[in-house]
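Novice: Dumping the structure here so I can ask a few things about it.
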Amino acid sequence: MVEEEINYGNIRKLQLLEKNSPVLTDLPLGFYKELSEYLDVLNKRLENEQSLQKQTLLKDEISNTERIAINIYEQRERKILLAAVSKVRGGNPDLKNMLDVEENLYNSILNVMMKSRNNFLKNKKTEKKDDKVKNKEPKNEEKKQEEMLSQEEPNQVVRVTRTLPEFIGTNTKKYNLREGDILSLPEDMCLMLSKKGAVKKLEV
């Protein structure tokens, strides 16, 4: 943008351009500094002005200039915030017309958002990991119980040496053993039937 002298007419024109543009408009590099200097000049003129009529005009110009300046800044501020949101979500916002002071604001916002986003995602991963551990605990506990039961009542492989009438074993299961059958039995049943000469333990 060709730099023009800062005055009320020019900043009013810049305000309308900013309002109608979806992205940052091309402002003079030293816009904010020059705008501040322009307001200083108006205030000094007001201090030295003797005419009440001109004082009133100067006050109106100062008030309107400040209002327009704030409006321009707030419009650009909103666009900078949207650009930071776009960037943190993987977008590629247009930053070519961003002034140095605005770039500092953009980077600060982006840094805060990135940290917040990373902390959030990190916490979500931790929660998922904790949920997986919790879900595994009952299975692990069941496995331990099964192992304990297995250790407490190890089965023995035996061969039936004579046919027996149907009976209920110590494990509450129904058995119908015939001579020559090979099966596994709980330790206590194996001992009991071995004593009766009904089964013979096999080495496996």
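Novice: Do we have any residue at all in the range 48-56 that's in contact with a helix residue (DSSP H, G or I) (Cβ under 8 Å, 6 or more places away or on another chain) and at pLDDT 90 or above?
Specialist: Yes, that holds for at least one residue.
Novice: I'm checking my understanding of the structure. Among residues of the range 10-26 that are in a loop (DSSP other than H, G, I, E, B) and free of Cβ contacts under 8 Å to residues at least 60 places away in the same chain, which one is surrounded by the most Cβ atoms within 10 Å (Cβ to Cβ)?
Specialist: For the range 10-26, the residue satisfying everything is S21.
Novice: Quick check on K144: is it outside any strand (DSSP E or B), modelled with pLDDT under 80 and farther than 30 Å from V85 by Cβ?
Specialist: In short, yes.
Novice: Taking the stated definitions as given, is E47 free of Cβ contacts under 8 Å to residues at least 24 places away in the same chain and assigned by TED's automatic domain parsing to the domain that holds S21?
Specialist: yes
Novice: Working carefully through the options L121, L99, L29, find the one that is of a type in the set (A, V, I, L, M), surrounded by 14 or more Cβ atoms within 10 Å (Cβ to Cβ) and modelled with pLDDT under 95.
Specialist: Within the list L121, L99, L29, the selection yields L99.
Novice: Right, something else. L14: over 18 Å from E102 (Cα atoms), assigned by TED's automatic domain parsing to the domain that holds L99 and among the hydrophobic types (A, V, I, L, M, F, W, C), yes or no?
Specialist: no
Novice: Just checking, does the range 111-129 include any residue being of a type in the set (D, E, K, R), in the same structural domain as Y32 (by TED's automatic domain parsing), under 29 Å from K13 (Cβ atoms) and in a helix (DSSP H, G or I)?
Specialist: No, the conditions are met nowhere in the range 111-129.
Novice: Any residue that is of a type in the set (D, E), in contact (Cβ under 8 Å) with a residue 12 or more places away in the chain and assigned to a helix (DSSP H, G or I) - is there at least one of those in the range 53-71?
Specialist: yes
Novice: On to the next question. Filter the range 32-52 down to the residues that are in a helix (DSSP H, G or I) and surrounded by 14 or more Cβ atoms within 10 Å (Cβ to Cβ) and list them by number.
Specialist: Across the range 32-52, the qualifying residues are Y32, E34, L35, Y38, L39, L42, R45, L46.
The values are calculated or read from the model by the stated rules, or taken from the named source; none is laboratory data. Note that this is a predicted model, so its numbers are computed, not measured. Neighbour counts are summed over all protein chains in view; Cβ atoms, including those assigned to glycine, are modelled from backbone coordinates with ideal geometry.
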